[in-house]
Amino acid sequence: MAGQAVSMGTNGATLTLDKLDEIIDKVKGGKPHLLLMSRRSRRKLGALSRATGSGLLETDRNQFGMMAQFYDGIPIGVNDYISDAKTVGTSTDCSTLYAVQLGEGGLVGLTSPGGLVVERVGSLETKDASRTRVKWYVSLALFSSIKVSKLTGVRE
């Protein structure tokens, strides 16, 4: 994925719309289906969009009827597991943004052949309740590295 990575600089830098557009352009075969980032990065993108008056940041209902944010028509996903405390050069407050194309030929979800397995464990001794165990072994597969890109060193 080295050819699909864009850096904000040796010690990171504040997010710019130009750099965001650069990672979007790195995804080949059409626009990304998702921009994935931390909450802090989403807030920064909102502030940047308001400050520039670009109009590229929109709020609308997604295919499930829930309110969602879009950048240039691409849904923005927030992931609480994307750290805002990564070290890039001398900076220790950096984050990473991802542009991802989902589906056939891109990033897909995988499940084990058995799928979802539900087991009744039984009644609890200390409460009037029963316990059920749900097992579902899942993973992700990336079929082509040109379907994802990342922007590293994003500071506040």
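The values are calculated or read from the model by the stated rules, or taken from the named source; none is laboratory data. These numbers were taken from a predicted model, which means no experiment stands behind them. All Cβ positions, glycine included, derive from the backbone under ideal geometry; neighbour counts span all protein chains shown.
Quick check on this structure: which one of Asp84, Asp60, Asp72 is of a type in the set (Asp, Glu), out of contact with any helix residue (DSSP H, G or I) (no Cβ under 6 Å at 6 or more places or on another chain) and at pLDDT 90 or above? I'd like the intermediate steps shown before the answer.
Details: Asp84 fails: out of contact with any helix residue (DSSP H, G or I) (no Cβ under 6 Å at 6 or more places or on another chain); Asp60 fails: at pLDDT 90 or above.
On inspection, the qualifying residue turns out to be Asp72.
For the range 84-101, a residue qualifies if it is assigned to a loop (DSSP other than H, G, I, E, B) and more than 18 Å from Arg39 (Cα to Cα), and the qualifying residues are Gly89, Thr90, Gln101.
Residues that are surrounded by 13 or more Cβ atoms within 10 Å (Cβ to Cβ) number at least 3 in the following strands (runs of 3 or more DSSP E) confined to the range 102-156: 148-155. Restrict the check to the range 54-70 and report whether at least one residue is acidic (Asp, Glu), out of contact with any Leu (no Cβ under 7 Å at 6 or more places or on another chain) and in contact (Cβ under 8 Å) with a residue 60 or more places away in the chain. Taking every residue of the range 54-70 in turn, none turns out to be acidic (Asp, Glu), out of contact with any Leu (no Cβ under 7 Å at 6 or more places or on another chain) and in contact (Cβ under 8 Å) with a residue 60 or more places away in the chain.
If a residue must be assigned to a helix (DSSP H, G or I), surrounded by 17 or more Cβ atoms within 10 Å (Cβ to Cβ) and of a type in the set (A, V, I, L, M), how many such residues does the range 25-52 contain? Steps first, answer last, please.
Here is the first cut: in the range 25-52, the ones assigned to a helix (DSSP H, G or I) are 25-26, 39-52.
Subset that is surrounded by 17 or more Cβ atoms within 10 Å (Cβ to Cβ): 26, 40-42, 44-45, 48-49.
Next cut, of a type in the set (A, V, I, L, M) only: 45, 48.
The number of residues fulfilling the criteria is 2.
Report whether or not Leu48 is modelled with pLDDT of 95 or more and farther than 12 Å from Leu151 by Cα. No.
Residues in the range 31-55 that are touching a helix residue (DSSP H, G or I) at 6+ places or on another chain (Cβ under 9 Å) and farther than 18 Å from Val78 by Cβ: 4 in all. Of all residues in the range 47-89, those being more than 16 Å from the chain's Cα centre (by Cα) and of a type in the set (Phe, Trp, Tyr) number 1.
When the residues of the range 57-83 are filtered to those that are assigned to a strand (DSSP E or B) and of a type in the set (S, T, N, Q), the one that is surrounded by the most Cβ atoms within 10 Å (Cβ to Cβ) is Gln69.
Going by what's in this entry, would Thr132 be described as farther than 30 Å from Leu48 by Cα and touching a Lys or Arg at 6+ places or on another chain (Cβ under 8 Å)?
Yes, satisfied.
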